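Engineer: Sharing a structure, written as structure tokens. Questions coming.
The values are calculated or read from the model by the stated rules, or taken from the named source; none is laboratory data. None of the values given here were measured: they were computed from a predicted structure. As a convention, Cβ positions derive from the backbone with ideal geometry for all residues, glycine included, and neighbour counts pool all protein chains shown.
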Amino acid sequence: MTAGGEFSPKIVAFLCNWCSYAGADLAGISRIQYPPSIRVIRVPCSGRVDPFYILKALQSGADGVLISGCHPGDCHYLTGNYVARRRFAVLNDLLGFAGIDPGRVSFSWVSAAEGERFAEVVREVTEKVRLLGPNRKLLKEEVA
Amino acid sequence: MSREDQLRRRAKELLTKEGVVMVIGYRAGKRPGTATPAFVTRPEDADVLVFDDRCGTNLAAYLPRVKHRGKIAIVAKGCDSRSVVALLKEKQVDRGGLVILGVGCDGVKEQGRLSDSCTTCIHPNPVICDEMIGEKVAERTPAPDPLDDFERLSPDERWQALMTDVSRCIRCYACRQVCPNCYCPTCFVDASSPQWVGKTTAGSDNMMFHLMRAMHMAGRCVECGSCSRGCPMGIDLMKFNRRVAKVVKERFGAVAGLNPEELPALAAFDPSDKQEFIR
Ligand code: SF4
Ligand code: SF4
Ligand code: SF4
């Protein structure tokens, strides 16, 4: 997607209900500015994020994906994010191995109290994806 | 007594006196120089059993499908035995319902050459077994990892090379059918509601399949090479398998199929796992 000739990326953000989604909410009610690049999908836990969701987003036309959950030790379900972290580590490695720039997919921990941090993460991720340009690898042309 | 004679004699004994209902092993294939899985249920059929460098199929793949019949004996090389361990970990088979007939393995031949997966084999002898058929073989020094050269390519070159390879995939799922880890009653590729993977063989759908298959193998694949050998299109599935095994070992210190008491690496965690890639 481009606005005024400049590429503005579409980023799908999977946010866990208990921390990062609430962090995004706090950023909103605190009127903290961040780029309107993300499309939020609320999930119960970062542990709920199947790697397939991430690849599917890229295949369906997202330029980037952000996955954010509770900080280690703060998971509402105690260990969901620890298990997710292993899965994400392998996926992150596999994407790099396959030549998909790992900058397309970002991971963060943001708590419900970290509205400013959430905005900061979105700024960073948006800039990273903007520099990479539109996603072509994995994109399925018919659905783009 | 030759190893083959010993195997046949034990198979007969197991079927007649020791309550085993099926011996899973190998028999000569129809084409010369090939062997194929054999499912021996009658003692008089035990003489079809063979074991040599034609016997590549990972026999552990059959265990989840036949375990309901009763006590099963299985011929297991190093990699098959590791897959048995992987299945034990995942509670797909019951140790008490198994007799593991271990065989040392000098590597499997494919068209006269040592199979790619066997060049880097680190466990040619069974890691778990009830009895050895024949002697253990000497440990070998694994060849350099064939991934090393590939990993030196640029990201775009790697993408292009993998895309070119997987674009030939006809999605027959032979690679899944032969894999001991692929016992899911409904595979993600067959799910239709929602439909996880597109059914086309367009590059993008094929790559989705291969990346997700690789994810499902992380911490579980024993690098037996059955999938690569079974692929009618000659797609190099071992590239993906080797990479996920490597990252699981480097990051979590885990090697699949060695310790039945340990959880599979991706079902476990350590609070101090590295997280340098997470903001
Ligand atoms: S066996 Fe080969 S062609 Fe068949 S689905 Fe697997 S990779 Fe594709
Ligand atoms: S590819 Fe994955 S979902 Fe399909 S059978 Fe194998 S492990 Fe199960
Ligand atoms: S993925 Fe291939 S190499 Fe790994 S255990 Fe399954 S059949 Fe063997």
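Engineer: Of the residues B:Ser154, B:Ser228, which is within 14 Å of ligand 1 (Cβ to nearest atom), over 19 Å from A:Leu55 (Cβ atoms) and among the small types (Gly, Ala, Ser)?
Structural biologist: After ruling out the rest, the residue left standing is B:Ser228.
Engineer: Separate question: When you scan segment A:39-52, do you find a residue that is farther than 16 Å from A:Arg123 by Cα and touching a residue at least 60 places away in the same chain (Cβ under 8 Å), even just one? Write out each step before concluding.
Structural biologist: Kept after step one, since they are farther than 16 Å from A:Arg123 by Cα, are these residues of segment A:39-52: A:41-52.
This time we only want the ones that are touching a residue at least 60 places away in the same chain (Cβ under 8 Å), so: none.
Within segment A:39-52, not a single residue is farther than 16 Å from A:Arg123 by Cα and touching a residue at least 60 places away in the same chain (Cβ under 8 Å).
Engineer: A further question on this structure: Would you please list the contacts, defined by Cβ atoms under 7 Å and residues six or more apart or on different chains, that run from a residue in segment B:220-231 that is within 14 Å of chain A (Cβ to nearest Cβ) to a residue that is more than 7 Å from ligand 3 (Cβ to nearest atom) and of a type in the set (A, V, I, L, M)?
Structural biologist: What qualifies is B:Arg220/B:Ala86; B:Arg220/B:Ala256; B:Cys221/B:Val244; B:Cys221/B:Ala245; B:Cys221/B:Ala256.
Engineer: Would you please list the contacts, defined by Cβ atoms under 7 Å and residues six or more apart or on different chains, that run from a residue in segment B:58-72 that is over 16 Å from B:Arg95 (Cβ atoms) and assigned to a loop (DSSP other than H, G, I, E, B) to a residue that is within 16 Å of ligand 1 (Cβ to nearest atom) and not basic (Lys, Arg)?
Structural biologist: Partner pairs satisfying both residue conditions: B:Asn58/B:Val178; B:Asn58/B:Pro180; B:Asn58/B:Cys224; B:Asn58/B:Ser226.
Engineer: Quick check on my filter: what residues within segment B:64-86 are buried (at least 24 other Cβ atoms within 10 Å of the Cβ) and of a type in the set (D, E, K, R)?
Structural biologist: Scanning segment B:64-86 gives B:Lys77, B:Asp80, B:Arg82.
Engineer: Look at segment B:245-262 and say how many of its residues are under 22 Å from B:Lys91 (Cα atoms) and within 10 Å of chain A (Cβ to nearest Cβ).
Structural biologist: 3
Engineer: Continuing with the same structure: Within segment A:106-120, does at least one residue satisfy the condition of being farther than 25 Å from B:Arg251 by Cα and surrounded by 23 or more Cβ atoms within 10 Å (Cβ to Cβ)? Walk me through it before giving the result.
Structural biologist: In the first step, residues of segment A:106-120 are kept if they are farther than 25 Å from B:Arg251 by Cα; the result is A:111-120.
Retained after the next criterion (residues that are surrounded by 23 or more Cβ atoms within 10 Å (Cβ to Cβ)): A:118.
Yes: one or more hits.
Engineer: Which of (1) in contact (Cβ under 8 Å) with a residue 24 or more places away in the chain; (2) within 16 Å of ligand 1 (Cβ to nearest atom); (3) within 13 Å of another protein chain (Cβ to nearest Cβ); (4) not acidic (Asp, Glu) is the odd one out, the single condition B:Arg168 does not satisfy?
Structural biologist: The failed condition is (3).
Engineer: Give the residue that is nearest to ligand 1 (Cβ to nearest atom), with candidates limited to residues of segment B:184-217 that are in a loop (DSSP other than H, G, I, E, B) and within 15 Å of B:Arg168 (Cα to Cα). Working first, answer last.
Structural biologist: Filtering segment B:184-217 down to residues in a loop (DSSP other than H, G, I, E, B) leaves B:184-191, B:193-194, B:196-202.
From what is left, the residues that are within 15 Å of B:Arg168 (Cα to Cα) are B:199-202.
Details: B:Lys199: 12, B:Thr200: 13, B:Thr201: 9, B:Ala202: 13 Å.
Out of the qualifying residues, it is B:Thr201.
Engineer: Count, please, the residues in segment A:65-95 that happen to be more than 13 Å from every other protein chain (Cβ to nearest Cβ) and modelled with pLDDT of 95 or more.
Structural biologist: Keep residues of segment A:65-95 that are more than 13 Å from every other protein chain (Cβ to nearest Cβ), which gives A:65, A:76.
Among the residues that remain, those that are also modelled with pLDDT of 95 or more are: A:65.
Residues in segment A:65-95 being more than 13 Å from every other protein chain (Cβ to nearest Cβ) and modelled with pLDDT of 95 or more: 1 in total.
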